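Before any comments, here is the structure.
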Amino acid sequence: MRGPAILVIRPDDGFSQMLRENGFEVVNLELIRTEPVDDPTELAETVRQIGKYEGIFVTSPIAAEIFLECLKNEGVTYSGKVYALGGRSREALSGHDLSVVYDEAANTAQELIESFGVDEFAGKKLLFIRGDRSLRTIPQLLGSTATVDELVVYRTIDSRPATGLIEAIVDRIIKNEIGRVCFFSPSGVKGFINIFGAEDITNLRGSAIGDTTAASARELGINIDFISQRAAAEDFAVGLAAYLKSIE
């Protein structure tokens, strides 16, 4: 099933492999990367006092891994609820003697909160462990009914691919050899536009892993015609492959 290739704004991983197994050519382009914050002092101090929180929100697997490593290093256990968003976050937290609570249908932080109800959090002291570019939906929604502390444990960094690679991709887009681009985050969308601009991508269709990413892409002029119903890479790949086959 060869047609125009799919440009995936993500390193080559299981998502791209699933598309290839469905007969699609995939070109991977990594535009952002993450790394822990330079100074872990605040994280360590927070973990030592983690018992003062009645609930912890973890909305990314990266935040989960950094948090777990610090718990281990400090020799600390936590008995409160850990609210996980997304299957990868839940998997990262599972098996570590934590009380992980999760709603499989929740694709956004708002949906996660709504799945438990605001009363679940009223009057509680909560911790939101996040990246520097994470949306602040949790403190915005719960700030009037609970105390929400925020702890940034990683940062997102824009990466600039080699000039030759960018030129090769632009050439393939102009020749209609790449017909679709897949986005996994608003940061990826912005990185893409910063490098390629808007003029070279008018013939591209876009796909996004969720409504927030799709909205960011549309605001910047990208034609999004497929949005994954679940915020998980595997579901995104399966849904996109089925969609593309249906419109052939």
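Over region 35-156, Cα pairs under 8 Å with separation of 6+ residues give a relative contact order of 30 percent. Between GLU21 and THR202, the distance separating the two model label sites (each 7 Å from Cα on the Cα→Cβ line) works out to 3.9 nm.
Evaluated with a Cβ-only charge set (Lys, Arg +1; Asp, Glu -1), region 35-156 carries a dipole of roughly 120 debye about its Cα centre, given to the nearest 20.
Evaluated on region 35-156, the Kirkwood hydrodynamic radius is 14.3 Å, with distances taken between all distinct Cα atoms. Backbone amide hydrogens, once placed in the peptide plane, bring ARG205 within less than 5 Å of ARG180, VAL181, excluding anything fewer than 5 places away on its chain.
Subtracting the Cα-Cα distance of VAL118 and ARG48 from their residue separation scaled by 0.36 nm leaves 22.4 nm.
Treating only the Cβ of Lys, Arg, Asp and Glu as charged (+1, +1, -1, -1), what charge dipole size does region 94-241 show about its Cα centre? Round to the nearest 20 debye. Write down the numbers at each step before the final one.
On the way: 14 positive and 21 negative charges, 79 e Å.
Roughly 380 debye, rounded to the nearest 20.
Any idea what the dipole of the chain comes to, in debye rounded to 20, about its Cα centre with Lys/Arg Cβ at +1 and Asp/Glu Cβ at -1? Numbers along the way, then the final one.
Numbers: 25 positive and 37 negative charges, 50 e Å.
Rounded to the nearest 20 debye, it is 240 debye.
One chain, two ends: GLU167 and LYS245. Fully extended at 0.36 nm per residue, the span grows by 25.2 nm beyond their Cα-Cα distance. Mean-square fluctuation check for the chain, GNM, Cα pairs under 10 Å: which of ARG230, ARG155, ARG90 is largest? Between ARG230, ARG155, ARG90, it is ARG155 that shows the largest mean-square fluctuation. What residue among ILE129, ILE178, PRO11 has its Cα farthest toward the positive end of the dipole of the chain, where the charges are +1 on Lys, Arg and -1 on Asp, Glu, each on the Cβ? Result: ILE178, furthest along the dipole toward the positive end. On the beta carbon distance between THR147 and ASP103, with R0 = 30 Å, the FRET formula returns roughly 0.85. Under the simplified labelling scheme, the GLU30-LYS175 pair shows an inter-label distance of 2.6 nm, with each label point 7 Å from Cα along Cα→Cβ. Separation of the alpha carbons by more than 22 angstrom is noted, of LYS52/LYS81; LYS125/LYS190; LYS190/LYS245, for LYS125/LYS190; LYS190/LYS245.
A simple packing score, the average count of other Cβ atoms within 10 Å per residue, orders the peptides 132-143, 61-72, 11-22 as 61-72, 132-143, 11-22, with the highest score first.
Considering only ALA109, LEU93, LEU220, the residue lying farthest towards the positive end of the dipole of the chain is LEU220, judged by Cα position with unit charges set on Cβ. Each DSSP beta bridge with both residues in the chain is either parallel or antiparallel, and the antiparallel ones are about 15%.
Only the coordinates and a few stated rules stand behind these numbers; no lab work does. Not measured: the values here are computed from a predicted model. Using ideal geometry, Cβ is built from the backbone for each residue, glycine included, and neighbour counts are taken over all protein chains shown.
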